[in-house]
Every structure is written in structure tokens, then in C-alpha cells.
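K.L.:
This is the structure I want to talk about, given as C-alpha cells.
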Amino acid sequence: MGYVIIARGDSKVFIKTAVIFNILYVGLCITGFYLYGLEGIGFGLLIYYATHLSGIYAIIKIRYDLKINAEVLKIFLVGIMITGLALFLSKSYEGDLRYILFSILLLLSLIYSLYEIDKKINLKSIYHGYINKKK
């Protein structure tokens, strides 16, 4: 979404948002590390990215009347759920079980990503076209 500002040639808004969000980024990382160490940086980044997403979305909606469609929102929400599940797994399990569950989650995430990409650009036909060229 941030590229919309650049594509529209709105350099003043781009510079202002870049400066503000970079100051927020550094501030949250330093504060998070100071309070909770490496985990604090993770939480700081979570807060930063949520704020950045909300702020940029508000800007492009208000200034350029652009909206996120339902399909993109669904993909985003699935990504958030996978991330939340990974956080839950990291806090709830230890040892080999944690690695097995993370591996399953990673595999499911990869399958979902490929499924969504295939819907957009038909990966199967690209793959079959590549294979047929080699023969």
C-alpha cells in the first residue's frame, strides 16, 4: 500500500510518513528491548507493523479513495492467524514437539500460499509449460 503514495507522486506525504514511521520503528524497538529484551523487540515490531498498516491504509483511503478488497483481507487475516498460532506454539510447547508443530505449521502455510498464488497466476500451467519445453 505504501507504493500507492509513490505511484501518485505525492512526495510530501511519502517523506512525512517515512520519517514518522521510521521514528516510531526505532522508538518501539529500543523501548521493547529495554523493557523485555529480544522478545520486546518482537512485540515492538508487532505494534509497529499494525500501526503502519493502519496508518498507511487510512492515508490511501482518505487521500486516494482506495480500499482493500475482501480477497486480500482474507489472505491477510489467514496470515495473522498463522502468526498468532506460531506465537502460541512457541510459548506453549518445548523440545521436539515444538519443532514438529512448527514444521507442520510451516508446511500448511506454504501450501496455502501456493494455493493463493496459483489462483492468481495459474502456477500449474506455468510448471507444465516449462516441463513440456524440456521434453
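K.L.:
Using a probe radius of 1.4 Å on heavy atoms only, what accessible surface per residue do you get for the stretch 1-90? Whole Å² is fine.
P.N.:
Accessible surface, normalised per residue, equals 72 Å².
K.L.:
Do any of Lys67/Lys119; Lys12/Lys119; Lys61/Lys124; Lys16/Lys67; Lys16/Lys124 go past 31 Å between their Cα atoms, and which? If you can, show how the numbers build up before the last one.
P.N.:
On the way: Lys67/Lys119 21 Å; Lys12/Lys119 37 Å; Lys61/Lys124 35 Å; Lys16/Lys67 21 Å; Lys16/Lys124 43 Å.
With Cα atoms farther than 31 Å apart: Lys12/Lys119; Lys61/Lys124; Lys16/Lys124.
K.L.:
Report the residue, chosen from Ser90, Ser109, Ser125, that carries the largest GNM mean-square fluctuation when the chain is represented by alpha-carbon nodes joined by springs under 10 Å.
P.N.:
Of the options given, Ser125 has the highest mean-square fluctuation.
K.L.:
Taking a spot 7 Å from the Cα of Phe102 along the direction of its beta carbon, which residues of the stretch 16-51 have an amide N less than 16 Å from it?
P.N.:
Once the point is set 7 Å along Cα→Cβ of Phe102, 38-39, 42 turn out to lie under 16 Å by backbone N, inside the stretch 16-51.
K.L.:
Once Kirkwood radius over Cα pairs in Å is worked out from the coordinates, which option in (i) 18.3; (ii) 18.9; (iii) 14.7 does it equal?
P.N.:
So the calculated entry is the one marked (i).
K.L.:
Restrict the search to the stretch 1-106; then list the GluC sites (Glu not before Pro) that DSSP places in a loop and that have at most 15 other Cβ atoms within 10 Å of their Cβ. Mind dumping the intermediate values first?
P.N.:
Details: sites: Glu39, Glu71, Glu94; in loops: Glu94.
Those that pass, being in a loop and sparsely packed, are Glu94.
K.L.:
Cut-off 10 angstrom, C-alpha nodes, Gaussian network model of the chain. Which of Asn122, Asn22, Asn69 fluctuates the most?
P.N.:
Among Asn122, Asn22, Asn69, the largest mean-square fluctuation in the Gaussian network model of the chain belongs to Asn122.
K.L.:
Of all the accessible heavy-atom surface of the chain, with the other protein chains kept in place and a 1.4 Å probe, what percent is carbon and sulfur? Present the calculation step by step, with values, prior to reporting the outcome.
P.N.:
Values: 7380 of 10450 Å².
Here it works out to 71 percent.
K.L.:
Right, something else. In the neighborhood of Glu116, defined by Cβ-to-Cβ distances under 14 Å, what is the net charge if each Lys or Arg adds +1 and each Asp or Glu adds -1? All intermediate terms of the calculation are to be shown ahead of the outcome.
P.N.:
Working: positive: Lys74, Lys119, Lys120, Lys124; negative: Glu71, Asp118.
Here the charged neighbours net out to +2.
The values are calculated or read from the model by the stated rules, or taken from the named source; none is laboratory data. Computed from a predicted structure; not experimentally measured. When we count neighbours, we look across all protein chains shown, and the Cβ atoms used for this are built from the backbone with ideal geometry, even at glycine. When the accessible area is computed, the model is the full protein with side chains, heavy atoms only, and any ligands, DNA or RNA have been set aside. Shrake-Rupley method; radii C 1.70, N 1.55, O 1.52, S 1.80 Å.
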